1. If exposed means no more than 13 neighbouring beta carbons inside 10 Å and the site is in a DSSP loop, what's the longest run of the chain without any exposed GluC sites (Glu not before Pro)?
2. Straight-line reach from LYS8: which lysines have Cα under 26 Å away, leaving out those fewer than 8 places along the same chain?
3. Can you give me the angle between helix 366-379 and the longest principal axis of the chain, using Cα atoms only, in degrees from 0 to 90, rounded to the nearest 10?
4. So for the chain, Kirkwood radius off the Cα pairs, Stokes-Einstein at 37 °C and 0.692 mPa s: how many µm² s⁻¹?
5. Over the chain, with the other protein chains present, what is the accessible area per residue in square angstrom, probe 1.4 angstrom?
6. Taking amide H positions as placed in the peptide plane 1.01 Å from N, state which residues far from ILE14 in sequence (5 or more) or on other chains have amide H under 5 Å from it.
7. Could you please state, rounded to a whole Å, how far the C-alpha centre of segment 449-469 is from the C-alpha centre of segment 3-71?
8. Excluding residues fewer than 8 places away in the same chain, name every one of the lysines whose C-alpha is closer than 16 Å to that of LYS346.
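The values are calculated or read from the model by the stated rules, or taken from the named source; none is laboratory data. As the structure is a computational prediction, the values presented were derived from the model and not from experiment. Reconstructed Cβ throughout: ideal geometry from the backbone, glycine too, with neighbour counts over all protein chains shown. With ligands, DNA and RNA removed, areas are computed over all heavy atoms of the protein, side chains included. Shrake-Rupley method; radii C 1.70, N 1.55, O 1.52, S 1.80 Å.
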Amino acid sequence: MSNLKKVKKIHTIIIGAGPAGLAAAYALSKQGVAPLIIEKSKSAGGLMQSLHNGEYIMDIGRKELYTRLPKVDILWKEILENDYIKYDHREGILYQGKILETCSTWRGMRRGMPLGLIWRCGIDYSIEFLKGILKPPVNYQEYWYKNRGKLLSKILSQGFEEKFKGIKWSDLPSPKNKKMATDGDQNPDQLLDLHVLEHAKRTWRHPAKGTGQICNLLLEKSRTAGATFQFESHVSRITTCGARIDSIDIEDESGATTYLPQHVISSTPADMMAQLLDHNFSSRQKKKQEQELPSGVPMTTICVYLFLDELPHFPHVWLKVTSPELKIGRVTNYSAFNGRMVPDGKTCLCIEYFCTSSDSMLSLNDKQLYEHTIDECASASLIDIDKCVDFFVLKLPNAKAAINWRDWDNEQHHEMLNTINRFDNFYYINRPGTDKATYAGLEAAEAILSQNRDIHFKEMALSLPSWRPA
């Protein structure tokens with residue numbers, strides 16, 4: 001047997017078969033370029049895959065496909081055709097057994113709030129505002145209590161955000177203004193391509209068979225056009241020469257192959273990519289970042305799926321749970337997407353828990369998590385326990401649901417981005433947000449096809465407004 005390592009020339013290698021890598025593969029293969037896509041897991045799609053249980057199809061937690069980016073919206077329409085289904089984007093807030101609306105469209109300006117509670121919020125706001133005049137807010141909690149009142153803050157967001165981000169409002173610094181206090185990824189109108197948002201600002205669509213339908217179609221169409229997918233593979237080594245990536249060693253169960261690529265696209269996390277591209281780059285950079293940023297709290301997301309032989313008790317697509325007495329963070333109702341994810345007359349809910357490393361929920365087994373979940377859901381009148389016919393549990397370590405570009409707004413992450421972006425034939429497309437990741441993949445492919453890398457840097461500057469090239 002020969003010990004010679006296999007060496008192959010290739011036009012483009014794509015590392016990662018999530019939504020960004022799949023979009024890049026589709027765009028390239030459609031134009032006659034046959035990329036090789038490397039994926040460490042057994043299947044494509046990452047957290048955008050669909051799950052199946054008999055007749056039921058589920059997303060991994062809550063997945064909303066923003067139509068704020070025209071290129072991405074056009075792509076999804078192109079591949080899904082009639083399976084790109086419109087739905088009413090009705091969000092709710094669950095607070096102490098009451099479901100309130102986040103938008104006045106559904107139940108008027110009161111949004112389902114009793115008059116007595118509105119009066120209490122008004123009196124509370126006046127008290128907190130006067131407190132804020134006498135003593136300026138010293139943390140995030142005091143800031144919002146002054147600007148919105150303590151009670152209204154608790155009803156609208158505090159309990160949910162503290163669970164979602166894994167940190168107490170009282171441990172966050174006071175923002176200088178409301179713009180700084182607003183999470184940009186919670187407001188689609190503040191993101192990319194603002195000048196062309198009007199056509200899609202209030203349009204919400206979802207694949208009829210779940211978000212995994214997009215991944216499956218992109219995979220199938222890319223393969224048909226010539227792309228090659230290599231699963232259960234990983235990058236073991238990258239060598240560089242000057243300002244270019246020279247070779248990449250890929251390992252799988254059959255052994256190792258060295259590829260000599262003209263172009264490399266990657267959605268690998270920035271710290272891992274930096275260490276592959278620069279052997280002197282220390283992983284301490286990431287540890288320092290996590291210590292300095294409250295947003296760096298390690299999180300595990302637990303999804304408990306409930307299958308019920310009854311119609312949903314509420315019409316909302318999802319509920320954010322602000323009740324501090326409930327451990328539940330969010331509830332997604334797949335029946336409300338108007339597709340074919342849930343059989344007629346049935347219900348499928350995903351109950352999400354956002355857990356820090358010390359959370360007692362992490363010590364529960366699947367049966368205990370199920371029992372805890374149905375008890376909390378029944379106490380809030382979300383389900384009839386007797387109608388629950390099945391369940392399953394999905395645990396996602398290091399899956400932080402609250403990640404957004406603000407988490408990357410620090411010196412350490414900027415250094416990582418500059419480390420990996422100094423190579424002329426490299427395109428980094430890891431982005432927070434499914435639509436933004438897809439957009440990054442499309443733009444990287446366009447930059448390669450047009451031989452204009454400025455397209456990639458323009459997209460990065462828009463997607464990650466806190467970063468600028470060194």
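1. Of all site-free stretches, the longest is 326-470.
2. Partners within reach: LYS30, LYS40, LYS42, LYS221.
3. Computed tilt is about 40 degrees.
4. 137 µm²/s
5. Value for the chain: 47 Å² per residue.
6. Here LEU36, ILE37, ILE38, ILE265 satisfy the definition.
7. Their Cα centres are 21 Å away from one another.
8. Partners found: LYS209, LYS387.
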